[in-house]
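Asker: I'd like to ask some things about the structure below.
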Amino acid sequence: MAKSANKNKALPIYVLNGPTLNLLGTREPEIYGTTTLADIEKMVVARAKTLGLSVVFRQSNHEGELVDWIQEARTKGCGVILNGAAYTHTSVAIHDALKALGKPIIEVHLSNPHARERFRHRSYVSLVATGVIVGLKAQGYLAAVDAMADLVKGQS
Ligand code: DQA
């Protein structure tokens, strides 16, 4: 049991980011904060390292590319941390890809979508997520890494 847990732990966490998150830092800073996505990547990689984990960190504005990366994580990742951005609220394709993942999924949002416009209240990701972290800005990604480390440790 310990053997396969270790084997799984050796696989990286996939941290995937959806559309327009490449503009973090300048995009609506009053909502999303001033931390850039490159800053978040550095924070996430450093936190994962302290937990003995590595990270594949990516961003795309394209739904199909996100689907491809989620599928890649089925064999190459230990779990997925996803900020699907706007696709969270629209994408059945991402929902279906996550459903086929078979590994822990943590949904992250910098803002709290539930406290915002009505169209942000629906999440196709939450329906299949192991856990959801919202409203903590960049710190939410670190909380997700901590949670993922625990989930992976529990894998047999
Ligand atoms: C977001 C929230 C989404 O509603 C929005 O479309 C985003 C960012 C967040 O991190 O708060 O692009 O995912």
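Please treat every number below as a calculation from the coordinates, not as lab data. Given the structure is predicted, the values throughout are model-derived calculations rather than measurements.
Asker: Which entries of 42/103; 76/153; 99/137 have Cα-Cα distances beyond 20 Å here?
Answerer: Values: 42/103 24 Å; 76/153 17 Å; 99/137 26 Å.
Where the Cα-Cα span goes over 20 Å, the pairs concerned are 42/103; 99/137.
Asker: Given the Cα-Cα distance of residue 99 and residue 62 and 0.36 nm per residue of separation, how much length would full extension add, in nm?
Answerer: Numbers: separation 37, 0.36 × 37 = 13.32 nm, distance 1.91 nm.
Difference between extended and current length: 11.4 nm.
Asker: Whole-Hz Karplus ³J(HN,Hα) for the range 90-96, in order, using 6.51 cos²θ - 1.76 cosθ + 1.60 and θ = phi - 60°, x for Gly and Pro?
Answerer: Using θ = phi - 60°, the values come out as 10, 9, 6, 5, 5, 4, 5 Hz.
Asker: Report, by chain and number, residues whose modeled amide H sits under 5 Å from the one on residue 13, excluding near sequence neighbours (fewer than 5 apart, same chain).
Answerer: Result for residue 13 returns 54, 55, 56, 78.
Asker: Can you give the helix-only mean residue ellipticity at 222 nm for the chain, where every DSSP H stretch with n ≥ 4 adds -39500 (n - 2.57) and the sum goes over all residues, rounded to the nearest 500 deg cm²/dmol? List each step's numbers first, then the result.
Answerer: On the way: 6 runs with 63 residues, N = 156.
Estimated from H runs of four or more residues: -12000 deg cm²/dmol.
Asker: Also: Give me a comma-separated list of calculated 3J(HN,Hα) values for the range 12-28, in order, Karplus coefficients 6.51, -1.76, 1.60 applied at θ = phi - 60°, integers in Hz, x for any Gly or Pro.
Answerer: These are the phi-based 3J(HN,Hα) values: x, 7, 8, 10, 10, 10, x, x, 6, 6, 5, 9, 4, x, 10, 7, 5 Hz.
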